[in-house]
1. Show me the strands (runs of 3 or more DSSP E) entirely contained within segment 649-736 in which 1 or more residues are over 22 Å from Ala262 (Cα atoms) and touching a residue at least 60 places away in the same chain (Cβ under 8 Å).
2. Being part of a helix (DSSP H, G or I), in contact with a helix residue (DSSP H, G or I) (Cβ under 6 Å, 6 or more places away or on another chain) and hydroxyl-bearing (Ser, Thr, Tyr) is the filter here; which residues of segment 452-483 pass it?
3. Go through segment 646-668 and report how many residues are of a type in the set (Asp, Glu) and touching a His at 6+ places or on another chain (Cβ under 9 Å).
4. Filter segment 627-655 for residues that are farther than 18 Å from Gln157 by Cα and open to solvent by 30 Å² or more (accessible area, probe 1.4 Å) and give the result.
5. Could you list, in sequence order, the residues of segment 438-451 that are within 21 Å of Val489 (Cα to Cα) and open to solvent by 20 Å² or more (accessible area, probe 1.4 Å)?
6. Which residue pairs have Cβ atoms under 9 Å apart, sit 6 or more places apart or on different chains, and have a first residue in segment 456-472 that is open to solvent by 10 Å² or more (accessible area, probe 1.4 Å) and a second that is of a type outside the set (Ser, Thr, Tyr) and within 16 Å of ligand 4 (Cβ to nearest atom)?
7. Across segment 175-200, what is the number of residues that are out of contact with any strand residue (DSSP E or B) (no Cβ under 7 Å at 6 or more places or on another chain), in a loop (DSSP other than H, G, I, E, B) and away from ligand 4 (no atom under 16 Å from the Cβ)?
8. Conditions first: (1) touching a Pro at 6+ places or on another chain (Cβ under 9 Å); (2) farther than 30 Å from Ala224 by Cα. Ala404 passes all but one, so which condition is the exception?
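The values are calculated or read from the model by the stated rules, or taken from the named source; none is laboratory data. What you are looking at is a predicted structure, and each value in this text was computed from that prediction instead of being measured. Here the Cβ positions follow ideal geometry from the backbone for every residue, glycine too, while neighbour counts run over all protein chains shown. The accessibility values were calculated without ligands, DNA or RNA, using every heavy atom of the protein model including side chains. Shrake-Rupley method; radii C 1.70, N 1.55, O 1.52, S 1.80 Å.
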Amino acid sequence: MSSLATIRSSLDPALIKVRAHTGPMTEELVRHPADFGLGLPQLPSRLKPASTVKSVCGFCATGCSLDIHLDTEGRALNLSADAAYPVNLGMACPKGWEALTPLAAPDRATVPLVRNTNNGELEPATWSAAIEVFCSRMKAVQAAHGDHSIAFLSTGQIPTEEMAFVGALFKFGMGGLHCDSNTRQCMATAHVAYKQSFGFDAPPYTYKDFEESDVLVFVGSNPAIAHPIMWQRVQMNRRNPEIIVLDPRRTETAMCATRHVALNPKSDLTLLYALAHVLHAEGWIKRDFIDAHTSGYDDFATFLKPFTPLAAEAVTGVSAETIRHLAEIIARGKAVSFWWTMGVNQGYESTRTAQAIINLALMTGNIGRPGTGANSITGQCNAMGSRLYANATSLFGGRNFADAGHRAEVARILDIPAERIPSENSLAYDQIIDAIEDGKIKALWVIATNTAHSWINSTRFARIREKLEFLVVQDMYATTETARLADLVLPAAAWGEKEGFFINSERRLGAIWKVARAPGQALSDFNIFRLIAQAWGCGELFAKWTSPAAAFQLIKELSRGRPCDITGIRDHAHLTASGGIQWPHPDTAGAEPARERRLFADGKFFTPDQRAKFLYDTPLPNPEPPCTEYPFVLNTGRGSSAQWHTGSRTDKSDVLRKLAPRALYIEVNPTDATRLALLANERVTVCSRRGEAHAVVVITSTVRPGHVFMPMHFGTVNQLTHPSYDTHSRQPNYKACAVRIAKA
Ligand SMILES: Nc1nc2c(c(=O)[nH]1)N[C@H]1C(S)=C(S)[C@@H](COP(=O)(O)OP(=O)(O)OC[C@H]3O[C@@H](n4cnc5c(=O)[nH]c(N)nc54)[C@H](O)[C@@H]3O)O[C@H]1N2
Ligand SMILES: Nc1nc2c(c(=O)[nH]1)N[C@H]1C(S)=C(S)[C@@H](COP(=O)(O)OP(=O)(O)OC[C@H]3O[C@@H](n4cnc5c(=O)[nH]c(N)nc54)[C@H](O)[C@@H]3O)O[C@H]1N2
Ligand code: SF4
Ligand SMILES: [Mo]
């Protein structure tokens, strides 16, 4: 049977079997689409849980484990938070509690849709027709414009097996080169910063560190909203810790902190260097650690000379006295941990800013011990998986495409000819967009991301759509802003409807399991990739990629001998049974690993000389500072713990909708509101040089005069944002552009 026939047969009601589940499911849970009914609102009262499956949440990278309760017929009834899991200890945030509801949304993509060129409508098609359209149009573009004129943009929100498969298929099978993912918008900076400083993309911590620090410094991070269960772990700290929040905005996290430092937008680099200046000048450094385990410190210390607290005061808006005091708190701390998120990663000099945080941890010896670390908090459930195994920016396992030895290793493990592996690096997300504008890329395949909403300066994306000969969107909904622009929509099964593994923020691998059947004819992304491989004519290259379970074994081999070695993990069931396993766990390690582990206890890093590097650069001016015409600095980010990104999932839950504002709002300081005669709840137009958005005014002193904040969850916000990027990570600068406000 061809693989299309195999996959189709699982859709055939005649072949559908229902199993009662007594443990984690490893086989297809199949039943008729007609009895599809998930989530609490649809729950018939006669149904009582018959068994429970543990699965890791598919929203954020905290990676909470959820107990999914199944009825006697094996369908998900509802869920609760897993009390035994070392991450969430019985807790979940609203999105986790509502995780089943978006699966049952009426706008799920249930059949492939092909745009009819005569009437311009998206019309239902069979899978075989859709896959034929995919292959013939992609190949036609390649024939006319070259192999590298096709590209894909993928995600940090699908299982690792799926992202690894598409990265291999596209680069080794389809002859493509240029691909990236929304992880560029999210974690590229942390990835590059760690790689340069530590020699490998290796967040060193474990969540236990939240409880074991006596000083916690959060830079551009709002965990009370964006990582509520991590924030609960901070609340469990019994050491009466000093909690310092560096954020221009008085966030929910800042309000609960012991100290809020409201620095000027994008002045972090100067502030962090000033802190390092004081630590060095006062001798509050760990010379033994620096000498034994780092390189470049003395040059760094020379570089720091001009960054006096007084000089920094003018740039950062933080008084010299406060800077000195902060440095003293860090120096006095016995276990100091530094945490950063998008206020750092999303900036035009973000890699050096992240490294300025790393430098503070290194110079004070706050790494490798309980309660310490330079710790990047990850965003999406599997952004960590995409950093290591998406085969997009780096070759599998954090290898380099440019390294012939690395290519040979991967070719051997995957049993493919080494010539199939490109020796060139892919363009980054923004460069792919530029190449579309320049007519060099003509076909784009978008998988599990909503580019038309989330990409910076999004009006441009709508414009360049016209330049694409072929746009494919593979999503669980046919209604996203991007899907509506597509020539072809491939309906995907979602979290809960397939299996695989995610890697959370503390490097913990956790398994997800199938607890529901995908609606209609939607297929798992994995099976969609299988169909494409087969139809493209490169199926034999991927003969081993038969299932997520088989792909997991390949990924294990790809990790062998790498810092992220996971060869000691048997399979998905092993992950569920052990409460997740943090990498590394090589098969040479023997016993079950400890439940919570951090890296660098031995002071050995992944650089060739095993020393961590001090890296730094002169701070740069904001590419779009406020001016008389656009006098406000617009900051954007997460608005509530009930809203996820572009809302395609969370907007489908009545519960989550009630927990979040329904209209786009803009937070304005009372002095600015008075000056502009704005009233609370008044409608305004917010304009930047690129676009405009309509919003409702919220008057609040959480934003300072001259600053405004808008949540990213509404489609028009990115029509305002400024397309500038960090040079090292090419991560977009979402958090500081210039806007003006006018009454609507
Ligand atoms: N509810 C919910 N949770 C989520 C998500 C979601 O969409 N909804 N998304 C997930 C994902 S993918 C991510 S990446 C994370 C993001 O998690 P966070 O990064 O914590 O969230 P953000 O709100 O994007 O940004 C954090 C803070 O950066 C601040 N900031 C802005 N500019 C600056 C600056 O120049 N300096 C400093 N120091 N701070 C600044 C903002 O005011 C904001 O409070 O959240 C994850 N969790
Ligand atoms: N202004 C501003 N913009 C931002 C940010 C900001 O702070 N400010 N933050 C940025 C960050 S950090 C991020 S991570 C991005 C997120 O941006 P996006 O990735 O565009 O946002 P999501 O809404 O999470 O989109 C994920 C899509 O995948 C689909 N999906 C979910 N599960 C599956 C699956 O299993 N298979 C398939 N095929 N589809 C699936 C969902 O329906 C949804 O359409 O936004 C970025 N944009
Ligand atoms: S904190 Fe993150 S992983 Fe945990 S339940 Fe909420 S969204 Fe899911
Ligand atoms: Mo993100």
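1. Counting at least 1 such residues, we get 683-687.
2. Listed by number, the residues that qualify are Ser458, Thr459.
3. Looking only at segment 646-668, we keep the residues that are of a type in the set (Asp, Glu), and these are 651, 654, 667.
Next, only the ones that are touching a His at 6+ places or on another chain (Cβ under 9 Å) stay: 651, 667.
Counting residues in segment 646-668 that are of a type in the set (Asp, Glu) and touching a His at 6+ places or on another chain (Cβ under 9 Å) gives 2.
4. Restricting attention to segment 627-655, the residues satisfying the condition of being farther than 18 Å from Gln157 by Cα are 627-637, 639-640, 653-655.
Within segment 627-655, Cys627, Thr628, Glu629, Pro631, Asp654, Val655 qualify.
5. Lys442, Ala448
6. Asn457/Asn718; Asn457/Pro732; Thr459/Asn718
7. 4
8. (1)
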